[in-house]
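Trainee: Have a look at the structure that comes next, please.
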Amino acid sequence: MKIKAILDFLFPQFCINCEKQGCYLCPGCFNNLIILSQQSCPNCRKPNDFGKFCGVRCSENFYFDQLIVCSTYEKAGLLKKLLVLLKYKFVEEVAHILGKLLRYQFAYFSHNFNRKEIVIVPVPLHKKRLKYRSFNQAWLLAQSLAVDFNFVNLCDCLIRRKFEKSQVLADREHRILNLKDSFMVEEEFVDFMRGKTVLLIDDVATTCSTLNECSKALKASGVKYICGLVLG
């Protein structure tokens, strides 16, 4: 605690929205985050209650079964500012703020889940990017969710086999091509994951390509059901 107090004194935190001193996002500005009260089909975006696919035609070529989204990801929005702080300025404390969004949204849309049977799985980083950043933001988010909901199973079972440059500017077609067969389940976890219900955690699902490739690897290992949970 003394070390933290010294660091806070030397490097004070300021709200990224109103610049109030004390934290990276003050309680008042946190309440300004747009939290989605309704989900939609991950493919056609038709609104529905739980983020499931409209039917067989919409779910074709998708390996996950459901997608829960927390907020809107706008160019100048608070969510994007927080993610920039976390992913590109390496401020790990922001993961705890974003974890609140995941907790709120999962609690609201998870009535049909038996939490004791869920395995939380973070989307992995390639080891080169992990070495550069020193942490995986999806793991931090998954860890925050697991602790607050007292989940027993948090499993870092996926490996990212291929290293790709940033996919931020790539369109859906190129993302799919670049990410094809990029993920696998570590052999030591295959038996454990068979028949499980997975809550797959990532920060943003722009085209769902990363979630889908991770889900493809998980389903190939015998996972029964996959719900994606993302911030935006």
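The values are calculated or read from the model by the stated rules, or taken from the named source; none is laboratory data. Since we're looking at a predicted model, the values are computed, not measured. Using ideal geometry, Cβ is built from the backbone for each residue, glycine included, and neighbour counts are taken over all protein chains shown. Protein only, heavy atoms only, side chains kept; ligands, DNA and RNA dropped before computing areas. Shrake-Rupley method; radii C 1.70, N 1.55, O 1.52, S 1.80 Å.
Trainee: Being more than 13 Å from the chain's Cα centre (by Cα) and either without any contact (Cβ under 8 Å) to a residue 24 or more places away in the chain or farther than 28 Å from M184 by Cβ (or both) is true for just one of K116, K80. Which residue is that?
Mentor: Details: K116 fails: either without any contact (Cβ under 8 Å) to a residue 24 or more places away in the chain or farther than 28 Å from M184 by Cβ (or both).
Result: K80 is the single residue among K116, K80 that is more than 13 Å from the chain's Cα centre (by Cα) and either without any contact (Cβ under 8 Å) to a residue 24 or more places away in the chain or farther than 28 Å from M184 by Cβ (or both).
Trainee: Among the numbered criteria (1) open to solvent by 30 Å² or more (accessible area, probe 1.4 Å); (2) in contact with a helix residue (DSSP H, G or I) (Cβ under 7 Å, 6 or more places away or on another chain), which single criterion is violated by Y104?
Mentor: It fails just one condition, (2).
Trainee: Sticking with this structure for a sec: Give the residue, chosen from V94, V56, V69, that is of a type in the set (A, V, I, L, M, F, W, C) and either open to solvent by 50 Å² or more (accessible area, probe 1.4 Å) or over 28 Å from F14 (Cα atoms) (or both).
Mentor: Testing whether each residue is of a type in the set (A, V, I, L, M, F, W, C) and either open to solvent by 50 Å² or more (accessible area, probe 1.4 Å) or over 28 Å from F14 (Cα atoms) (or both) leaves just V56.
Trainee: I've got another one for you. Given the criterion touching an Asp or Glu at 6+ places or on another chain (Cβ under 9 Å) and either more than 19 Å from K80 (Cα to Cα) or not in a loop (DSSP other than H, G, I, E, B) (or both), identify the matching residue among N61, N43.
Mentor: Values: N61 fails: touching an Asp or Glu at 6+ places or on another chain (Cβ under 9 Å).
Selected residue: N43, the only one of N61, N43 that is touching an Asp or Glu at 6+ places or on another chain (Cβ under 9 Å) and either more than 19 Å from K80 (Cα to Cα) or not in a loop (DSSP other than H, G, I, E, B) (or both).
Trainee: Just checking, does the stretch 107-121 include any residue being at pLDDT 95 or above and of a type in the set (S, T, Y)?
Mentor: Residues of the stretch 107-121 at pLDDT 95 or above: 119-121.
Filter again for of a type in the set (S, T, Y), leaving none.
Looking for residues that are at pLDDT 95 or above and of a type in the set (S, T, Y), one finds none in the stretch 107-121, hence no.
Trainee: May I pose another question? Can you tell which of L179, L200, L158, L211 is crowded, with 20+ Cβ neighbours inside 10 Å, among the hydrophobic types (A, V, I, L, M, F, W, C) and at pLDDT below 85?
Mentor: On the way: L200 fails: at pLDDT below 85; L158 fails: at pLDDT below 85; L211 fails: at pLDDT below 85.
Every option except L179 fails the conditions.
Trainee: What is the number of the single condition among (1) farther than 20 Å from F53 by Cβ; (2) in contact with a Pro (Cβ under 8 Å, 6 or more places away or on another chain) that D191 does not meet?
Mentor: Tallying (1) farther than 20 Å from F53 by Cβ; (2) in contact with a Pro (Cβ under 8 Å, 6 or more places away or on another chain), D191 fails exactly one: (2).
Trainee: Moving to a separate point now. When you scan the stretch 13-40, how many residues do you find that are assigned to a loop (DSSP other than H, G, I, E, B), closer than 21 Å to V204 by Cα and touching a strand residue (DSSP E or B) at 6+ places or on another chain (Cβ under 8 Å)?
Mentor: So the count comes out to 5.
Trainee: Restricting the stretch 214-232 to residues that are part of a loop (DSSP other than H, G, I, E, B) and within 14 Å of G195 (Cα to Cα), which is most open to solvent (accessible area, probe 1.4 Å)? Please lay out each step first, then the result.
Mentor: So the first thing to find is which residues in the stretch 214-232 are part of a loop (DSSP other than H, G, I, E, B), and the list is 221-224, 231-232.
Those left that are additionally within 14 Å of G195 (Cα to Cα): 221-224.
On the way: S221: 18, G222: 30, V223: 8, K224: 130 Å².
That would be K224.
Trainee: Cβ-Cβ distance below 8 Å, separation of 6 or more or different chains: which pairs start in the stretch 207-230 with a residue that is more than 13 Å from I159 (Cβ to Cβ) and of a type in the set (V, I, T) and end on one that is part of a helix (DSSP H, G or I) and open to solvent by 10 Å² or more (accessible area, probe 1.4 Å)?
Mentor: T207/R172; T207/R175; T207/I176; T210/R175; I226/K219
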